[in-house]
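As structure tokens, the structure follows; a few thoughts come after it.
The values are calculated or read from the model by the stated rules, or taken from the named source; none is laboratory data. Quantities reported herein were computed from a predicted structural model and do not represent experimental measurements. Positions of Cβ are backbone-derived with ideal geometry, glycine not excepted, and every protein chain shown enters the neighbour counts. Surface accessibility is based on the protein's heavy atoms, side chains included, excluding ligands, DNA and RNA. Shrake-Rupley method; radii C 1.70, N 1.55, O 1.52, S 1.80 Å.
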Amino acid sequence: MSSNSIALRLSGMFTLVALLVFLLIGGALYQQVDKGLGLLPEAELDARYSVLESTVGRYGTPEHWVKINNKLKLLGEEDKRIRFWIISGDQHYEYGELTPQIRAFAQGPLGMRDLKLPDQPYPLKVLVSQFPAKDQRPALRFMIGIDTETFFQTQHHLLIALISLAIVGVLLASALGYWVARIGLKPLIKLSQEAQRLAPPLLSGRLRLSPLPPELEQFVDSFNSTLERVEQAYSRLESFNADVAHELRSPLTNLIGQTQVALTRGRSAEHYFEVLQSNLEELERLRSIINDMLFLASADQGNKATKLTSTSMAAEVATTLEYLDFILEDAQVEVQVSGDAQVRIEIAHLRRALINLLSNAVQHTEPGQVILVRIEAQAHQVSIGVANPARADPQRAFATLVRAILSGGCVTQ
């Protein structure tokens, strides 16, 4: 599938959104759990100390101290994570493996502290407390330590679990996002398939407006409007081709017939001169038709006019009517012009268009009738329309002849 696929783009966006959400939620969750895990060793040490505080601080005789040592030893054997140290000025009232590092550590401040031993990969969380002298027992420092390896491992496992869940969640969101995007794009795919079936000469079909998502209704409406304009243009093209064929057939038929008759037998020089003169007239007619076709083709292609001249549209219409004066007089047809506009336009193209349209209007107008020519100035263009008096509604019968785009000087018909 193309990398420009909308489904893939939407899937990628779903993936980024899911990744961002998982990062935010996972990060916040990890911080909260990490904070809670960090408090567990301290809470457990406080619980242990609260149980032993009264026992250690109450008794100060050697007999009771033996019992305290046995109790501490039993507690250490029950839970290998827990360690006890007692440091004092009398060796009889000490307990644990009292290395120089431990003795130095015990002289530090009281409270919760971290102790890193050489044989331990993780630091110990140690609660340091002090008991005053009592009876025969001197003052001492009492320390309870707990191994934090379990808490660090739990923290590490939690991080791995969150990362794994985030990866699975992102992949799942990407797959589901692609699936949802494909489902959401089904109407667009159906429209594309339906549009592919619309091709000349079958242009009368239209895309269905319902049932469609609201986002596609405007697109379908615009596409159908475009199809309607294409169908109209295609119909005009077919009509134009038929008219051109009809116009070309008459002079060609005359040329072929006259030439064949002249070649059937010997003729006088005068007769050949008359035939050539008649053929020349037909050839001039052909050239005029071809020039008109070239003009229409260049106009339909939207070629820019280059020789622009500021002129009055009404004055140009009047000049064209003077040129057609004999044709109008012979046809006994009158032309009325209304409106005017000053524009920059290529006069040669304008006059050719006016001659073509007015000549056609004269041919389809009965003697004594009036042809209406209207000039209208609009926002960014000027239009000239010709109304055939035979039309029932002259206002709607005005066909746009010329639109002079003031900004570009483009002439189209």
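Summary table
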item	result
Single condition I256 does not satisfy, out of (1) open to solvent by 90 Å² or more (accessible area, probe 1.4 Å); (2) β-branched (V, I, T); (3) under 41 Å from the mean Cα position of the chain (by Cα)	(3)
Within the stretch 126-163, considering residues that are aromatic (F, W, Y) and under 30 Å from L19 (Cβ atoms), the one least open to solvent (accessible area, probe 1.4 Å)	F151
Residue match in the stretch 94-115 (condition: surrounded by 12 or more Cβ atoms within 10 Å (Cβ to Cβ), assigned to a strand (DSSP E or B) and of a type in the set (K, R))	yes
Of all residues making up the stretch 201-235, the number that are at pLDDT below 75, under 28 Å from G184 (Cα atoms) and open to solvent by 40 Å² or more (accessible area, probe 1.4 Å)	11
Any hit, the stretch 80-93, residues being within 27 Å of L158 (Cα to Cα) and in a loop (DSSP other than H, G, I, E, B)	yes
Selected residue (criterion: least open to solvent (accessible area, probe 1.4 Å)) from residues of the stretch 59-78 that are polar (S, T, N, Q) and in a helix (DSSP H, G or I)	N69
Unique match (being among the aliphatic types (A, V, I, L, M), touching a residue at least 40 places away in the same chain (Cβ under 8 Å) and more than 30 Å from L188 (Cα to Cα)) among V261, V244, V275	V244
Any chance V337 is open to solvent by 60 Å² or more (accessible area, probe 1.4 Å), within 29 Å of A233 (Cα to Cα), modelled with pLDDT of 85 or more and in a strand (DSSP E or B)	yes
Selected residue (criterion: farthest from the chain's Cα centre (by Cα)) from residues of the stretch 340-378 that are small (G, A, S) and surrounded by fewer than 17 Cβ atoms within 10 Å (Cβ to Cβ)	G368
Residue satisfying all of: in the stretch 345-373; out of contact with any Pro (no Cβ under 9 Å at 6 or more places or on another chain) and assigned to a strand (DSSP E or B); nearest to A318 (Cα to Cα) among these	V373
Among residues of the stretch 322-334, those that are under 58 Å from the mean Cα position of the chain (by Cα) and part of a helix (DSSP H, G or I), counted	2
Top-ranked residue in the stretch 116-135 [being part of a loop (DSSP other than H, G, I, E, B) and out of contact with any Asp or Glu (no Cβ under 9 Å at 6 or more places or on another chain); ranked as nearest to S50 (Cα to Cα)]	P132
Hits in the stretch 59-73 - residues which are within 19 Å of P132 (Cα to Cα), among the aliphatic types (A, V, I, L, M) and in contact (Cβ under 8 Å) with a residue 12 or more places away in the chain	I68
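Matching residues to (1) touching a Phe, Trp or Tyr at 6+ places or on another chain (Cβ under 9 Å); (2) modelled with pLDDT of 85 or more:
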| residue | (1), (2) |
| --- | --- |
| R113 | yes, yes |
| L124 | no, yes |
| R141 | yes, yes |
| L171 | no, yes |
| G184 | no, no |
